[in-house]
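Participant: This is the structure, below, for whatever I ask next.
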Amino acid sequence: MTYVIVNGEFINRSEAKIDIEDRGYQFGDGVYEVIRVYNGKMFTGTEHLERLIDSGKKIGMDIPYTVSEIKQQLESLIDKNRLNLGTLYLQVTRGIAPRNHAFPSNDVSPTFVAYSKEVGRPVENMKTGVKTILNADIRWLLCDIKSLNLLGNLMAKQKAVEAGCFEAIQHRDGVVTEGSLSNISIIKNGKVITHPADNLILNGITRQKVLEICRNNDIPSSETPFTVDDLKSADEVFLSGTTVEITPIVEIEGEKVGNGSLGPITEHLQALFVKEIEKECGTIS
Ligand SMILES: Cc1ncc(COP(=O)(O)O)c(C=O)c1O
């Protein structure tokens, strides 16, 4: 039996039901998180849950649990499902109410759902790298919110898949923002450069970890906007995210990045990132 959490209760996945007037289902009116689990332990769980509560605040929704309350629930879910290596998906919607664009009154409580999934590490992509396309970033201007509304991201990813690629590198007027499910960084003359954490990107927890690793290991880094031209002339390019970890980008629109394989600084960052995982979750292979 696989358990899921619905509003604080652990139930059998096959018994979980969503009301058709749940605002998450009807409007995408809610926020979500994806947390990595290694050795049965959450990695950067606190950071993800703080961002969840923050995303809720940004859409005027109070999540009715504290970080430690959600953590406890998720730890029980990991135990009950005997999850060793995988992900936790959690989402909070504004709740169930008759369909109306205006927010419902405060007595409507949010719907909280979480489930777990077994997923391996993306070892192959991390070694060989992935191909990408460029795509105009047509999303809204509050990309810092981890909103359930992902149509812009889905359409970008689909375009990449149809081109035989893994990710779409999005840009606004020639300035690179982020991927469809990841943040993008370039490396030029030994320096890691990534878009500033403003309203145009999701401030990835992995991105923040990479910047912390750079600060602690004397690797120059900068949160500065960079252009598609900078991207094309970079020595190395990588994407970062909870599920993709640190994955090198070896091709953009059919053109090789550097010599078309995993670069030395990206490889170094990958090794330092594993150390961070191991600090929180124990040895991984
Ligand atoms: C649009 C977008 N940017 C960046 C990221 C990376 O964020 P994180 O490192 O917190 O997983 C994600 C992850 O889902 C994403 O969807």
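All of the numbers you see were taken from the coordinates with simple rules; none came from a lab. Predicted model only: the values in this text are computed from it and were never measured. With ideal geometry, Cβ positions are generated from the backbone for all residues, glycine too; neighbour counts draw on all protein chains shown.
Participant: Full extension from Glu162 to Asn39: what is 0.36 nm times the residue separation minus their Cα-Cα distance, to one decimal in nm?
Facilitator: 40.8 nm
Participant: Just want to confirm a number: the relative contact order over the chain, from Cα pairs under 8 angstrom separated by 6+ residues, in percent.
Facilitator: This gives 19 percent for the chain.
Participant: In addition: What aspartates and glutamates could a cross-link reach from Lys41, if we take a straight Cα to Cα line under 20 Å and drop same-chain neighbours fewer than 8 places away?
Facilitator: Once the sequence-local aspartates and glutamates are set aside, what remains near Lys41 is Glu33, Glu50, Glu69, Glu75, Asp79, Glu118, Glu245, Glu276, Glu278, Glu280.
Participant: In debye to the nearest 20, how big a dipole does the stretch 3-118 give about its Cα centre with +1 on each Lys and Arg Cβ and -1 on each Asp and Glu Cβ?
Facilitator: 280 debye
Participant: Provide, as a two-decimal number, the C-alpha radius of gyration of the stretch 122-257 over 2.2 N^0.38 Å, N being how many residues it has.
Facilitator: Output field value: 0.96.
Participant: Subtract the Cα-Cα distance of Asp107 and Asn216 from 0.36 nm times their separation in residues, and report this length gain in nm to one decimal.
Facilitator: Length gained, Asp107 through Asn216: 34.6 nm.
Participant: To continue, here is another question. Using Cα atoms only, what is the angle between the long axis of helix 205-216 and the major principal axis of the chain, expressed in degrees (0 to 90) to the nearest 10?
Facilitator: 50 degrees
Participant: If I build a Gaussian network model for the chain, linking alpha-carbon pairs within less than 10 angstrom, which residue out of Met155, Met126, Met61 has the largest mean-square fluctuation?
Facilitator: Greatest mean-square fluctuation among the candidates belongs to Met155.
Participant: To the nearest 20 Debye, how big is the dipole of the stretch 123-281 about its Cα centre, given +1 on the beta carbon of each Lys and Arg and -1 on that of each Asp and Glu?
Facilitator: 160 debye
Participant: Please report Rg (one decimal) and Dmax (integer) in Å for the Cα set of the chain.
Facilitator: 19.3, 58
Participant: Report the rotationally averaged projected area of the stretch 3-118 based on its alpha-carbon convex hull, in square nanometres.
Facilitator: 6.8 nm²
Participant: Which percent of Cα-Cα pairs in the stretch 65-187 sits in each 10 Å bin, short to long?
Facilitator: Once binned at 10 Å, the Cα pair distances of the stretch 65-187 give 10, 27, 31, 26, 5, 0.
Participant: May I ask which residue of Asn153, Ser222, Ser14 lies farthest towards the positive end of the charge dipole of the chain, with charges of +1 (Lys, Arg) and -1 (Asp, Glu) on Cβ and the Cα centre as origin?
Facilitator: Selected residue: Ser14.
Participant: Can you tell me which of Gly30, Gly164, Gly129 moves the most in a GNM of the chain? Springs connect C-alpha atoms under 10 Å apart.
Facilitator: Among Gly30, Gly164, Gly129, the largest mean-square fluctuation in the Gaussian network model of the chain belongs to Gly164.
Participant: Report, in degrees rounded to the nearest 10, the 0 to 90 angle that the Cα long axis of helix 45-58 makes with the longest principal axis of the chain.
Facilitator: 70 degrees
Participant: Could you check the spin-label model distance between Asp54 and Ile20? Points 7 Å from the Cα along Cα→Cβ, value in nm.
Facilitator: 3.8 nm
Participant: Sum up the lysine pairs in the stretch 126-246 that clear both bars: alpha-carbon distance under 15 Å and a spacing of 8 or more or different chains.
Facilitator: 4
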